[in-house]
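Rule-based calculations on the coordinates, nothing more; no lab input. These numbers come from a predicted model, not from an experiment. Counting neighbours? That spans all protein chains shown, and the Cβs are built from the backbone with ideal geometry, glycine included.
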Amino acid sequence: MESFFSRYRNALVLITVLLAQVIGLAVQVRRPEPNAADGGGVRLIRSWVVGLVTPPERLLHSAGHGIRGLWMNYVDLIHVRQDNKNLKSELDRLRLEEDSIAEDARQGQRLQALLGFREKYVYKTVAAQVIGTSGTEQSRVLLIDKGSHEGIKPDMPVITPDGIVGKTRDVFRHTSQVLEISDGTSGAGVILEKTRIRGVLRGNSWGQPEIVNVSPDERIQRGEPVLTSGGDAIYPRGLAVGWVDRVSPDPDGTLVNVLVKPAANLSKLEEVLVITDTGVEMPEQAEQDLSEAQQAEQKASEVLAERLPSRVDPNAPPDQQDAAQDDSAEEGAARPVKPPQALHPDHYTPSDTPPATELVPGQKITDAQSSAVNGGENATGNGPEPQAKPGVGAPDNVPGKAPSTTPGNSQAKAPGTAAKPKPKPAGPPTKAAPKENQPPTPSETPPAPSGAPAAPSQTPQPQGRA
Amino acid sequence: MVLMASSRREVGAKSFPLVIYVVVPLLALGLQSLLSLHLSRFDLIDLPLLVTIYYGITQREPVSATLVGTVIGIAQDALTHHALGIFGISKAVIGYMAASLGVRVDTENHGTRLLLTFGFTLAQTAILWLLQRHMLGQQFAWHWFHEMVRAVANAVVAVILFAILDLTRRRDY
């Protein structure tokens, strides 16, 4: 018996070692969830190894960081001033863009509130340095220099400003493992931005992330952005994942896999952000940025308004100046289209005919009547003027009283707006109209029924001339 | 036969100071972890495997080589998210094979080292494939070209690394 052990000592040791490890493997993989937390013994071994390996890595990394920082902060400062100027201008531009998006975001929030959907915002992140990897192709794992002492827990999303990186797995006191999205055992709920196709992202055997088991769809095009869908309860919705690289058929043949080019450069990671807290309300900082952006846009609009050439021509006749000012003041208000002013009015010119109340059926309009109307209007030089109807409102021809609005203006008022003039911006003073033929002020214009244009009520219908 | 050990000097086992047994594997693990971060294709190289092979072929003691391979492999497992034992089993087998072959072949020859490392790299991948794909049911793709490139790269690095490690050994006759 002794000779058997001594003879096969080497082989027996090997078999014993292998058997022990196989049993250990069987115990570890017996857990129902493959990504569940390790047992106490396994975790202890991992903690020891990480504790032994990471201090030199941390030291080397900080030394390299220091040398690089020395170079960046003191030596490589060429063009910094110009860069700063460019960045400031870009910041202004981005603030304006942000404000234009803000309204859409708020509308989206309102709609989400109506639907009972609660979007999660990123509240708090912890910046961490990547100090190492697993070192093998079979395991796409990163080591970061922050752990449970800094508030990191397992299954927290890890991102960069470019896109998501992965999620934390084993967390030690001052170190954590991050499982990258390119690993075959990772999983992230994603959605294609344009086609809205959802799927699960995981790494393939070459370490490239792919959306697996997607129904074939011709709309999936190369370059389409891929975002997190929020369905995995780990990554907040809407984070950038990458772009569609290509579509490859599934080995089964019925479905396809969509290969994704990750937005974050997973092979050159130095700093990452671990999202440690999310919430349903917009963070204070984001709100503050939003209000600052709105103020910046307001200022920019004012500056723009001052710099742009005025639409008011100081050499133009007073009525045209006033019309231009009124246009700017009432921008957006619905108004009827004004007919162009005739140079030589005739019988067909609007307001060239006497009021309908003065017309007799079957009687032709006499030249005297027509000239009386024309003469009165031409005397003002302000174009056609609506005649007030008897019993409805008479012109307020008070001598010495200047009209508050020009004749053309009063004619152009929309129903309902005539009785309520809007404040006009300060502009060149308008000339007072002659004392004769004072036009009615807007406040004196009879209110038209809602929805009915004002002009037809002041001009006779064609059948009145028959 | 050029590759076979033919003299007492060639089959003589080498020993190392105790600190080397601790520092070199740790250094290999740390460098593997660190350099893979900064050099994108460095994960083709497996420094812990090379250290295991080196201890095997220089110690020529299958039991100790098996144990050293096991410890290095489990430490490498600890840096991954896999279950502990995958690299442990593969490196235990490689250490045993390296020590067994080290008795029979001239491990001082660079050509021998090149060929041995090439073969052991492929053997480790085969063991990993067997364990992960068929025993644990995990995803593991075998790409022949990729594995050949990896084996060649490891063999070339091994020749350089073994020459450096030779400087640390203490020759026992």
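Here are the numbers for the structure shown:
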| read-out | value |
| --- | --- |
| Spin-label pair residue A:104/residue A:295, simplified geometry with 7 Å Cα→Cβ offset, distance in nm | 2.6 nm |
| Charge tally in the Cβ shell below 13 Å around residue B:123, where Lys, Arg are +1 and Asp, Glu are -1, residue B:123 excluded | 0 |
| Given charges at Cβ of Lys, Arg, Asp, Glu: the stretch B:14-171 dipole, positive-most of B:146, B:39, B:114 | B:114 |
| Cα-based Rg and Dmax for the stretch B:14-171, where Dmax is the largest Cα-Cα distance (Å) | 14.7, 45 |
| For the stretch A:136-194, convex hull of alpha carbons as volume per residue, Å³ | 103 Å³ |
| Added length on full extension, which subtracts the Cα-Cα distance from 0.36 nm per residue, residue A:88 to residue A:47 | 10.2 nm |
| Chain B: relative contact order as a whole-number percent, Cα under 8 Å and 6+ apart | 29 percent |
| Kirkwood hydrodynamic radius of the stretch A:202-275, from inverse mean 1/r over distinct Cα pairs, in Å | 13.4 Å |
| Protection-proxy order for peptides A:86-92, A:154-160, each taking the mean of Cβ atoms within 10 Å per residue, highest first | A:154-160, A:86-92 |
| Two-decimal Rg to Rh for the stretch B:63-128 - Kirkwood Rh, Cα set | 1.02 |
| For B:87-93, mean number of other protein chain Cβ atoms within 10 Å | 4 |
| Mean Cβ count within 10 Å, highest first, over the residues of peptides A:230-237, A:187-194 | A:187-194, A:230-237 |
| Per-selection Kirkwood Rh - the stretch A:117-215 (Cα, Å, 1 d.p.) | 14.5 Å |
| Out-of-range pairs (alpha-carbon distance over 28 Å; input A:167/A:194; A:167/A:268; A:88/A:124; A:88/A:194; A:88/A:261) | A:88/A:194; A:88/A:261 |
| Cβ neighbours within 10 Å from other chains - mean over A:46-55 | 5 |
| Amide H contacts under 5 Å for residue A:277, placed H, 5+ residues apart | A:123, A:124 |
| Estimated inter-spin distance, residue A:60 and residue B:163, nm [label 7 Å along Cα→Cβ] | 2.2 nm |
| Cα→Cβ-extended label distance, 7 Å offset, between residue A:252 and residue A:265, nm | 3.8 nm |
| Ellipticity estimate at 222 nm from DSSP helix runs (n ≥ 4, -39,500 (n - 2.57)) divided over chain B, nearest 500 | -23000 deg cm²/dmol |
| FRET E, pair residue B:144, residue A:7, Förster distance 51 Å, beta-carbon r, rounded to 0.05 | 0.85 |
